[in-house]
Amino acid sequence: MNPHNKFKKTLLTKSISLLLGSTVIMPTIAQESPANDDTEIIAVTGIRGSLLNSMNLKRDSEGVVDAISSEDIGKFPSTNLAESLQRIPGVSIDRVNGEGSQITVRGFGADFNQVTLNGRTMPTANVPIVGAGSSGSASGASGRAFDFSNLSSDGVQILEVFKTGRADISSGGIGATVNVVTRRPLGTSGMQGSISAKAIHDTSVDGGSSITPEVGGSFSWANEDNTFGIGFFGGISNRDSAAAGATSSSWNVIPYSEFLGLTTEDTIITNAPTSLDQYVTLPRDSRYQFSEFERERSNGQLVLQFAPSENLSMTADYTFAVNKGVEEKVEFYNWFNRPFTEVVFDDSPVPSTIFIKEKAINKGGGMPQVMRATKDELSSFGFNAEYYLNDTLKITFDGHSSKAEVTPDAPMGYTEINVGLDHKYGNSSTDSAFQSVDYSGAIPVRTVETISGATVIRPEIVASQVASGMRKVTQINEIDQYDLRADWVLDDGANLTVGANYRTQKNVADRTDYQQILGNWGSENPGDVEDLAPGSLETFCISCKFNDHTIGGGTTSVGGATNNEVYAVRGNAADIFAALSPAL
C-alpha cells in the first residue's frame, strides 16, 4: 500500500463526521447554559397515544398480552365489551339476539376464560335462556361464563387480555384472563366530562320499536393539588329485536331394522339402506318459531380517590350493572305419529330422512305461547391503597366484595312460562289428510294437505293442552377477595413481586320445574282459550317472517299446489296462563 495515499472524504463521510462532532460538543454547550426549570413537556394523546400505550403494554409485560384502549373502543360502534374485545387477535365472540355476549380465546370457550375488573376476579351468574331457542328450555344455572352484554363500553380505559399465565394474576383462565381497567379521576386534572348518544335501527322488529336509544356519559373532577378526585360513568341502553327460525326438538338415531317398524307394506321408501344394521336418523318433529326480544341495560361506576401525600393514594369504587331481558315466542310444530306413507333417505354415511310423509287424520299443529324473562344484576365494592416506601419499593393492598345474581323476571315469579295450545288442521278434526316435511333444501318445508283446502288459523277454536315449560331458575355467585403485595424494582431490567391472595367464593343455583294440565294433550276442549281469555289470541302469519325462504304451507286440496302460507296464533303467555290456570 502506498503510504502517501490519503483517505478522501466524500460528502457522506463529511456529514457523518459533523454529526459525530456535534455529539461531543453538545454536552459542553449544555453545561455552560443556565438551568431552566420551565422545561416544556410534549405529551402524545389521542389515538396515537392510545396506540403507543398498547404497544408499550405488550412490550413491557411478562408473557403474551394484548390490549385495546378507550380511543380504540370509541372508533367502533360497539354496544358492549364483548364487541370491543373481538378487535383483539385470537378473540371471537358469541352473539345472542344480535349482540355480543361471551368470548372465545384461542379456541377456549367462555367457561374457560376469567374476567377481572381492575385486577379483581368478577363473579359470574349465567342463565342462558332468553334467546336460546329451543335449547333454552333445558338451561340450568351451572355455567361460569361471564356475560359481557351486561357491561357497556363507557368508562373503560383499557381492556387487557393475558393469554399466558402469571403468578400475580388470579388463576382460573385457561384460555385467557381479561382485565377491564376503568378510569380514575386522579389520572386527569381539573373537570372533564363527556356524553354520548346513539340510536340502533333494527328492521327485524315486529311488535316493538325498530329504533331504540343508547345513552352514556362520564364525569371526573380533581382538585388543583390533584390530591382528591371523584369520577362517575354510566350508561342506559334499550333494544328491541326479533328472529325467526326453523328447527327440530331432536333427531332419533336408530337401526334401519327398527325404522321399518315405523312403516307399512305400502310405504314408498326411496334410496333405502341396504343393510338392516345400518343406523339412520329421523326427526322427532318439525318446528317454526318467531321470537321478539326486549333488552334494558343500565350500568355505572362511582370512584373516589384520595392522595394525601406523594407516597400514599387510596381508591374506593362501586360498580353496578342491571340487565333485563324478555323474550316472547310463538311456535308452530307438528309431531310425527307414524306410520310413514313415504320416505326419502340421503346419501350421507348415516342416512337421514330428507323427506317424510304420513297420514294426518284428526291431527293438528302445536302452537305454544312462550315468555322468558330474566334479570341480571352485578354489584362490586372495592378498595385499593398504594404506599411507596421509597423510589423502588411499593406496597399495595386491594380488596373487594362482589355479587352476581340472575333471578326470574316474568310475571308470577317465573323464568319461563310455556302454555301449550293446539289447532286442528283445516276446519274440523276430519278435514286433515296428510302432512309432510322436506329437508332437502336450505330450510325445512312443511306441507299440510286438507280436504277443504282451508289453511287459515281461527283463534276461536284453539284448544289448550299442557303448561309443560313452567320453570324458575336462580343463580347467585358471591366473591370476597383480598390481595397484599410488594413490588420491588431491583434495577432497570429486573423487578421482584411478592404477596398473598385470599379469596372465598359461594355459588348457589336453584331450578324448579312445573307442569300443569290445562285441556290435556288431546285438545279435548276446542275453544276453551277464547272462552276463558276472550281476545287474547290473534292470527299470526309466521311464514311472512321468513323473507328469504319458503317454509311450505297448506294445499288447496289433497295433492294440490302449496299456497306457501303458514299461520299460527299469537298472544301473551302470562295472561293466557293466568286466565286458564284458576279455571281448573
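The values are calculated or read from the model by the stated rules, or taken from the named source; none is laboratory data. In this text the structure is predicted, and so the values were computed from the model without any measurement. FYI the Cβ positions are ideal-geometry reconstructions off the backbone, even for glycines, and counts take in every protein chain you see. When the accessible area is computed, the model is the full protein with side chains, heavy atoms only, and any ligands, DNA or RNA have been set aside. Shrake-Rupley method; radii C 1.70, N 1.55, O 1.52, S 1.80 Å.
So the values come out like this:
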| quantity | calculated |
| --- | --- |
| In the range 375-386, the residues that are of a type outside the set (Ser, Thr, Tyr) and either open to solvent by 40 Å² or more (accessible area, probe 1.4 Å) or within 30 Å of Asp487 (Cα to Cα) (or both) | Lys375, Glu377, Phe381, Gly382, Phe383, Asn384, Ala385, Glu386 |
| Selected residue [of a type outside the set (Val, Ile, Thr), modelled with pLDDT under 90, open to solvent by 60 Å² or more (accessible area, probe 1.4 Å) and part of a loop (DSSP other than H, G, I, E, B)] from Gly535, Gly559 | Gly559 |
| Flag if Asn384 is under 17 Å from Ala463 (Cα atoms), in contact with a strand residue (DSSP E or B) (Cβ under 6 Å, 6 or more places away or on another chain), assigned to a strand (DSSP E or B) and among the polar types (S, T, N, Q) | no |
| Qualifying residue in the range 283-291 (condition: aromatic (Phe, Trp, Tyr) and more than 30 Å from Thr407 (Cα to Cα)) | no |
| Selection status of Val344, part of a loop (DSSP other than H, G, I, E, B), over 24 Å from Ile236 (Cβ atoms) and at pLDDT 95 or above | no |
| Failed criterion for Ala463 (all others in (1) in contact with a helix residue (DSSP H, G or I) (Cβ under 7 Å, 6 or more places away or on another chain); (2) aliphatic (A, V, I, L, M); (3) at pLDDT below 90 hold) | (3) |
| Of all residues in the range 400-416 being of a type outside the set (Gly, Ala, Ser) and more than 30 Å from Val466 (Cβ to Cβ), the one that is most open to solvent (accessible area, probe 1.4 Å) | Lys403 |
| The listed residue being touching a Ser or Thr at 6+ places or on another chain (Cβ under 6 Å) and within 30 Å of Ser170 (Cβ to Cβ), out of Ser380, Ser436 | Ser380 |
| Members of the range 241-275 found to be more than 21 Å from Ser440 (Cα to Cα), exposed (fewer than 13 other Cβ atoms within 10 Å of the Cβ), of a type in the set (Ser, Thr, Tyr) and in contact (Cβ under 8 Å) with a residue 24 or more places away in the chain, listed by number | Thr264 |
| One residue from Asn238, Asn150, Asn226, Asn179 being polar (S, T, N, Q), more than 24 Å from the chain's Cα centre (by Cα) and either over 30 Å from Ser543 (Cα atoms) or surrounded by fewer than 21 Cβ atoms within 10 Å (Cβ to Cβ) (or both) | Asn226 |
| Some residue of the range 173-190 being at pLDDT below 75 and farther than 18 Å from Glu83 by Cβ | no |
| Yes/no for Lys198 being among the basic types (Lys, Arg) and surrounded by fewer than 14 Cβ atoms within 10 Å (Cβ to Cβ) | yes |
| Flag for Asn334 being at positive phi, touching a residue at least 40 places away in the same chain (Cβ under 8 Å) and touching a Ser or Thr at 6+ places or on another chain (Cβ under 8 Å) | no |
| Test: Arg372 is touching a strand residue (DSSP E or B) at 6+ places or on another chain (Cβ under 8 Å) and open to solvent by 40 Å² or more (accessible area, probe 1.4 Å) | no |
| Criterion violated by Val508 - all others in (1) in contact (Cβ under 8 Å) with a residue 40 or more places away in the chain; (2) part of a strand (DSSP E or B) satisfied | (1) |
| Spans of helices (runs of 4 or more DSSP H) in the range 46-129 with at least 1 residues modelled with pLDDT of 75 or more | 81-85 |
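Conditions tested, residue by residue: (1) farther than 30 Å from Glu377 by Cα; (2) open to solvent by less than 20 Å² (accessible area, probe 1.4 Å); (3) touching a Pro at 6+ places or on another chain (Cβ under 7 Å); (4) hydroxyl-bearing (Ser, Thr, Tyr).
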position	(1), (2), (3), (4)
Glu460	yes, no, no, no
Ser464	yes, yes, no, yes
Gly469	no, yes, no, no
Lys472	no, no, yes, no
Ile476	no, no, no, no
Ile479	no, yes, yes, no
Asp487	yes, no, no, no
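Okay, residues lined up against (1) within 30 Å of Gly519 (Cβ to Cβ); (2) touching a His at 6+ places or on another chain (Cβ under 6 Å); (3) open to solvent by less than 40 Å² (accessible area, probe 1.4 Å):
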| site | (1), (2), (3) |
| --- | --- |
| Glu310 | no, no, no |
| Thr319 | no, no, yes |
| Asn334 | yes, no, yes |
| Pro339 | yes, no, no |
| Tyr388 | no, no, no |
| Asp398 | no, no, yes |
